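What follows is a set of notes on a single structure, which appears directly below.
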2 protein chains.
Amino acid sequence: MTNVEPRLSRGLRDLLPDQMLARQQMIDTIRGVYELYGFVPLNTPAIEFLDVLSGSAGQEAQQSIFRVSNPENEALGLRFDLTVPLARVIAQYRELPRPFRRYQVSPVWRADKPDKGRFREFTQFDLDSVGTESEIADTEIIAGMCDTLTALKVGPHLVRFSSRSILNLLLKFAGIDEQQSVDVFRVLDKLDKAGIEKVRLELMQGYKDESGDTIRGLGLSQEQVTRIERFLNVKADSRRDVVTRVRDLFSSVEGSKDLIDVVERISNHLYALGYGDDRVSLDLSIARGLAYYTGPVFEAILLDAPQFGSVFGGGRYDNLVMRFLGEAIPAVGASIGVDRLLAALTHLGKTGQQRSTARVLVTNMDPALAEDYLAMTWELRRAGIPTEFYIGTAKGPGKQLKYADQYEIPIALLYGSNEKTRGIVTVKDMTVGREKAKAVGDRKEWLAARPGQIAVPRGELVPAIQRLLGEIEKV
Amino acid sequence: MTNVEPRLSRGLRDLLPDQMLARQQMIDTIRGVYELYGFVPLNTPAIEFLDVLSGSAGQEAQQSIFRVSNPENEALGLRFDLTVPLARVIAQYRELPRPFRRYQVSPVWRADKPDKGRFREFTQFDLDSVGTESEIADTEIIAGMCDTLTALKVGPHLVRFSSRSILNLLLKFAGIDEQQSVDVFRVLDKLDKAGIEKVRLELMQGYKDESGDTIRGLGLSQEQVTRIERFLNVKADSRRDVVTRVRDLFSSVEGSKDLIDVVERISNHLYALGYGDDRVSLDLSIARGLAYYTGPVFEAILLDAPQFGSVFGGGRYDNLVMRFLGEAIPAVGASIGVDRLLAALTHLGKTGQQRSTARVLVTNMDPALAEDYLAMTWELRRAGIPTEFYIGTAKGPGKQLKYADQYEIPIALLYGSNEKTRGIVTVKDMTVGREKAKAVGDRKEWLAARPGQIAVPRGELVPAIQRLLGEIEKV
């Protein structure tokens, strides 16, 4: 019999315990925020009918669907996002009360070309309010993004928002027809990378790039481009000022008042709730997923890790279930790329650092004392202290303490016949000497104040461990 | 454009918010127990190579694998359990410290014929200790099963355990060869359903059943069957007595002492830790997955819902990674059928009853007061009280209160210009009049003591809600 090689297909990966612990902590925190907001959890199966999945997907998304076959040979695939299943649920269970404010945290699958940090199975955390046109739904999603990032202790962050409606006003203002708009926005999207000079040329007559390739121009007039530039220059430190300026700029455009009013109301709600300009900015240059969104759009960036881009984004989209019901239902939502956010948090050193759930390892020094070890283990567990009793094959304390180090368990108990006679337990602070301890200012002084191991009367084990854990967690 | 029908393929289902809330609460509780035990989380992708999946599966399991195709046309499938991925992980990451005590809670897929309560995607909660022969690992899994069921407040429950080794002793004792053993155990497994008379006949000469079909006998002798029956009669209320009796019975069988010693040690550890005969019984008649397990086996039943069968089961299996490494690694584990356990808990009325996360609905009686509603909503959220502000299309309070009822939100706030002038908020206890309230002994008296709604000074909203929630949760 030949051995099977243990391996995964490309783009797939395992999450080993240290990664999982950080991820679970992060997801639990996000869940906590949205449950406080009264969002309710939903779960849908991984497998959907292909026609359910593919209608709404772009060409690219359709190609990336993993096909699945069942005994009935139906056309099935793995979901590639959580929005399509939500739309199906809304259409399928007409009795669900509306607004339906749900969150779902689940894996999705895309058979894209795998790349560094890009996987074929990844987790999304989505939240959506379905069945409401109220801008308070949008407000609440933005506020929730701020609360989430605060709860995750990511450090300075900024939620930027804008609205597809404002971009529609720009089209009118600059005299650009609907047909040309997709191209114009595509070019504007290059602003950060290419700079205003090249964008200006591409909007008008085109140019030859460094490698000599011709970049065809869109043929806009000088006047049109000037108007676009005036829009791009509507920037200010406060949302209030941005609103005032964009009102001025578009004062001649029909219908501008009502559309800008919506944006202003969201901004004012946020001010009233304590989400100031330092946390939420009105940035008219963002233009997420234009084909998809119909109203406000928003995204969050971590100011200390801008290279990770938007870790959280969303907007209003009102055609969610059109494909199923032939009827528009308003909806607004956001999605967190769990993996990208976790990568950013890890980069910032803001993730949970635990490699194990256990805080105490009871070593197994003498098999004759098994009942004592078990009694200690359960005493600690029953006091709510996560505890592991070493049941591996290593005999001496050396290798067992190495095991505690591998899992970064902070406390180890040593108990042999000597300790038993004296009625004590030797409690070893494993964090002394580990990397983490080096963070302390005066290491020498700190180490001197920490004996590394102490003898604790057997009857006082639980309070002694509670005290020591308190000290360790202060570091 | 034709509408797509919103639907799922057979055997698949959505978990709507009320089901998800109960399930999450259950899973969080189980996770809490095993994290206290120092088990660490693992996650593996849904998609595995077919040769990784199928080698260890029986013929039946192999047929039930959902095939998946990727752009590289590799032979892939969805995992059908969590044990095979664990084995792959152990073989693939040789550097993982051992023992490796992990839990994983994930969906698995089987393309079986769907049936009532039987789905093609379902969730398993698995825990395993890999790389240890210590019977303390087995002890800890049994103790954890008890702690889990206690934490879930399932009411009276019993963990039954036995050992494959004891059954091997039976084979020797009754002079049954290895080849015949599978058939013998298959017949013994019918004991509960068919009764001892038919089992006895089938072990010997066979018989004709009610419909006239011939049930072929295995041809055992009277003496062999007598010996088997003597084994089946080894029953007692205490584990201690079962050990004594089985020792007596098998005293003549070579090697019986050591094998029974292992079982006795597990039993004694459990006694010492407070898991008495009322919670864990030694029941030699259980014979879970004989082809698979190599040592102790265990299962849990809910005494108030025995019809759900074993909700939790496992055992020792030492050939986990043989297929990958050509080497035996000892392991012991258990698996919880999350869906079956949840169904049993629901049947017993022991699941969380919440249909929403929100505890308070701030109704939207007057759009002019939006800022007030938002301020109240955020005050409550910031005090840790899950709160929803009604943002749906219903205008009057009647329909909005109906929405609170649909989600079973216990408290609703009413606040109009009248309340604003008086500086108060009307707080409505929505549980008065709901089904739940009927459980209270003297309903009339109870209702008289509950005004249903109270006027609370605006400035005292948070403490008033905290008080009322406390009262409501006491019911």
Worksheet item: In square angstrom, what is the accessible area per residue of chain A with a 1.4 angstrom probe?
Response: 43
Worksheet item: Roughly how many Å is it from the Cα centre of the range A:216-276 to that of the range A:1-48, as a whole number?
Response: 40
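Okay, helix-only estimate at 222 nm for the protein assembly as shown: each DSSP H run of n ≥ 4 adds -39500 (n - 2.57), divide by all residues, round to 500 deg cm²/dmol; what do you get? Walk me through the numbers before you get to the answer.
On the way: 38 runs with 386 residues, N = 950.
Taken over the protein assembly as shown, the calculation gives -12000 deg cm²/dmol.
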Worksheet item: For the range A:243-304, what is the charge dipole size about the Cα centre, in debye to the nearest 20, if Lys and Arg each add +1 at the Cβ and Asp and Glu each add -1 at the Cβ?
Response: 100
Worksheet entry | Bins of 10 Å from zero: percent of alpha-carbon pairs in the range A:312-394 | 14, 22, 15, 17, 14, 12, 6, 0
Item to complete: Report, in degrees rounded to the nearest 10, the 0 to 90 angle that the Cα long axis of helix A:17-36 makes with the longest principal axis of chain A.
Response: 60
Worksheet item: What is the spread of the Cα atoms of chain B along each of their three principal axes, largest first, in whole Å?
Response: 93, 62, 55
Fill in: Descending principal axes extents, the range B:126-257, alpha-carbon based, whole Å
50, 39, 31
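Return the carbon/sulfur percentage of the accessible area of the range B:360-474, one whole number, probe 1.4 Å, all protein chains in place.
Roughly 54 percent, rounded to a whole number.
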Worksheet item: Quick one: helix B:338-347 against the long Cα principal axis of chain B, what's the angle to the nearest 10°, folded into 0 to 90?
Response: 60
Worksheet item: Which percent, to the nearest 5, of DSSP beta bridges fully inside the range A:360-474 are antiparallel?
Response: 60
Practice prompt. Would you pull out the residues with amide H under 5 Å of B:Ile424's amide H, same chain only if 5 or more places away, H placed 1.01 Å from N?
Written response: B:Arg458
Discussion item. Just the number: Rg to Rh for the protein assembly as shown, Cα atoms, Kirkwood Rh, two decimals.
Written reply: 1.01
Worksheet item: Considering only the label points, 7 Å along Cα→Cβ from Cα, what distances in nm to one decimal separate A:Glu229 from the same position in each other copy, shortest first?
Response: 10.4
Discussion item. Apply the Karplus curve 6.51 cos²θ - 1.76 cosθ + 1.60, θ = phi - 60°, to the phi angles in the range A:165-182 and return the couplings in whole Hz, x for Gly and Pro.
Written reply: 4, 5, 5, 5, 5, 4, 4, 4, 4, 9, x, 9, 7, 3, 4, 7, 4, 4
Worksheet, complete the sentence: Using a 1.4 Å probe on heavy atoms of the protein chains only, the accessible area for A:Thr346 in Å², nearest 10, reads 80
Worksheet item: Listed here are the pairs B:Lys193/B:Lys235; A:Lys399/A:Lys428; B:Lys208/B:Lys235; B:Lys350/B:Lys474; B:Lys235/B:Lys257; A:Lys235/A:Lys257; which of them are more than 21 Å apart at the Cα?
Response: B:Lys208/B:Lys235
Discussion item. Quick check: with the 1.4 Å probe, what order do B:Met322, A:Met26 take by accessible area, largest first?
Written reply: B:Met322, A:Met26
Worksheet item: Chain pair B, A: how much accessible area is buried, both chains summed, with a 1.4 Å probe, in Å² to 100?
Response: 8900
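By how many nm would the segment from A:Ser417 to A:Thr226 lengthen if fully extended, with 0.36 nm per residue of separation less the alpha-carbon distance? Before the final figure, lay out the partial values.
On the way: separation 191, 0.36 × 191 = 68.76 nm, distance 8.71 nm.
That works out to 60.1 nm of additional length.
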Practice prompt. Rank these residues by their accessible area, most exposed first, probe 1.4 Å: A:Arg216, A:Arg31.
Written response: A:Arg216, A:Arg31
Discussion item. Taking amide H atoms as placed 1.01 Å from N in the peptide plane, list the residues 5 or more away in sequence, or in a different chain, whose amide H sits under 5 Å from that of A:Ser281.
Written reply: A:Val159, A:Arg160, A:Phe161
Worksheet item: With θ set to phi - 60° and the Karplus curve 6.51 cos²θ - 1.76 cosθ + 1.60, what are the ³J(HN,Hα) couplings of the range A:412-421 in order, to the nearest whole Hz, using x for Gly and Pro?
Response: 10, 9, 10, 8, x, 5, 4, 4, 4, 4
Discussion item. I'd like the FRET efficiency for B:Arg7 and A:Gln25, computed as 1/(1 + (r/R0)^6) with the beta carbon distance as r and R0 of 51 Å, rounded to 0.05.
Written reply: 0.85
Worksheet, complete the sentence: Computed ³J(HN,Hα) along the range A:403-409: with the Karplus parameters 6.51/-1.76/1.60, θ = phi - 60°, integer Hz and x for glycine or proline, the list is 4, 4, 5, 4, 8, 6, 6
Worksheet item: Between A:Arg101 and residues 5 or more places away or on another chain, which pairs have amide H atoms under 5 Å apart, with H built 1.01 Å from N, and which residues are they?
Response: A:Val40, A:Val130
Item to complete: Let me know the longest stretch in chain A that avoids all GluC sites (Glu not before Pro) found in a DSSP loop with at most 11 other C-beta atoms within 10 Å.
Response: A:328-475
Worksheet item: Using a Förster distance of 60 Å, how high is the FRET efficiency between A:Thr393 and B:Ala343, based on the Cβ-Cβ distance and rounded to 0.05?
Response: 0.90
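The values are calculated or read from the model by the stated rules, or taken from the named source; none is laboratory data. Not measured: the values here are computed from a predicted model. All Cβ positions, even for glycine, are placed from backbone atoms using ideal geometry, and neighbour counts span all protein chains on display. Calculation scope for accessible area: heavy atoms of the full protein, side chains included, ligands and nucleic acids excluded. Shrake-Rupley method; radii C 1.70, N 1.55, O 1.52, S 1.80 Å.
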